[in-house]
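I have placed the structure first, in the form of structure tokens, so that the comments after it can refer back to it.
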Amino acid sequence: MDLENLDNNPSLISVIVPVYNSAHLITRLLDSLVIQSYKLFEVLICDDGSTDNLKEIIDSYNSKLDIRYFKNSNFGGPAVSRNIGIKNSRGTFLAFVDADDWWKRDKLKICLMSFNKNTDFVYHDLIIHREKYKFLGKKVIRGAKLKSPVFTSLIKKGNIICNSSVVVRKSVIIKSNGFSENKDMIAAEDYNAWLRVSKISDKFKYINKALGYYFTNHGISFSRDMSKPTQVAINEFINDLKDKEKQEVFWKLSYMSGIFNLNKKNFNVSIKKLKASSSSSDINIKIKSYLLIILVYLLIIFRVKK
């Protein structure tokens, strides 16, 4: 998309930010929005019942950004807040970002330039920002180009699309009914939303650049078994899957659960899950499963000797 044409026929982007007690983090994101090279956007802060001084911080940006604030009763996840943002948005395009993540200066400009008549959905890489384990060095969460049909690619690859990297046509996300508010799906509702979009449009575009930062304060461990909400996210489409695809989903979820239980030192459960995932037709999952099984046995032997 040519930015000169945009100046003559402007396209508004609605930046939707779900928040909860994020006063200590959100200034980094808001500052990154202030300096965006593309200026035609609004910011919708959608608060899931915060009890901190978040509103005070938001108000301090009223003169710097076209910013609106919405507060709802606490839901416990970002789905309701994102849907409130979608409902109240005025833009042709929707950009999603979590309160603890932030963007590079040209993020919106580059994403908007990537849209054309064959594009409904754009996503990109994000640089991981750690508060802990900084000695591990720079790491990037990489997406990948999705082959057509995109739905099948997303089922095979899993959720390779980071929420804070997505810009999508509002008309498409509305047609796909936004984000599920099923509480059993919390932390995987974005994956479910992308699958819904892929059933409506195959026009996904991957930008092979890191245009923002993904904040993590959890080190190298996982805080929950993501196989469970991911399973719920996929269940909506289970009748659309072939038997082979269902089996591959089972192996992938087993792998996810195996890693989670390894980090939690639930070694017996981890071995069981990893043995299941070692049957995967995905060579990467197969090899990693075997290697992790060996690691778990070594950890068990070391713990017994100790």
Step by step: first the residues of region 263-284, then only those that are within 24 Å of the chain's Cα centre (by Cα) and modelled with pLDDT under 95, then the one that is surrounded by the fewest Cβ atoms within 10 Å (Cβ to Cβ). Which residue is that?
284
Within region 46-64, does at least one residue satisfy the condition of being more than 21 Å from residue 171 (Cβ to Cβ) and under 21 Å from the mean Cα position of the chain (by Cα)?
yes
Being free of Cβ contacts under 8 Å to residues at least 40 places away in the same chain, touching a helix residue (DSSP H, G or I) at 6+ places or on another chain (Cβ under 6 Å) and not assigned by TED's automatic domain parsing to the domain that holds residue 123, is that true of even one residue in region 212-222?
no
Sort out which residues of region 47-96 are under 11 Å from residue 15 (Cβ atoms) and not aliphatic (A, V, I, L, M), and write them in order of number.
66, 68, 85, 89, 91, 93, 96
Residues satisfying the stated conditions in region 187-206, i.e. at pLDDT 95 or above and touching a Gly at 6+ places or on another chain (Cβ under 8 Å)
189, 191, 193, 206
Those residues of region 154-186 that are surrounded by fewer than 21 Cβ atoms within 10 Å (Cβ to Cβ), in a helix (DSSP H, G or I) and at pLDDT 95 or above come to a total of 7
Mind listing whichever residues of region 24-38 are at pLDDT 95 or above and of a type outside the set (S, T, N, Q)?
26, 28, 29, 30, 31, 33, 34, 35, 38
Could you pull out the residue among 238, 161 that is without any contact (Cβ under 8 Å) to a residue 40 or more places away in the chain and within 23 Å of residue 29 (Cα to Cα)?
161
Of the residues 49, 85, 76, only one is in the same structural domain as residue 177 (by TED's automatic domain parsing), crowded, with 20+ Cβ neighbours inside 10 Å and not hydrophobic (A, V, I, L, M, F, W, C); which?
85
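The values are calculated or read from the model by the stated rules, or taken from the named source; none is laboratory data. Not measured: the values here are computed from a predicted model. So basically every Cβ, Gly included, is an ideal-geometry build from the backbone, and we count neighbours across all protein chains shown.
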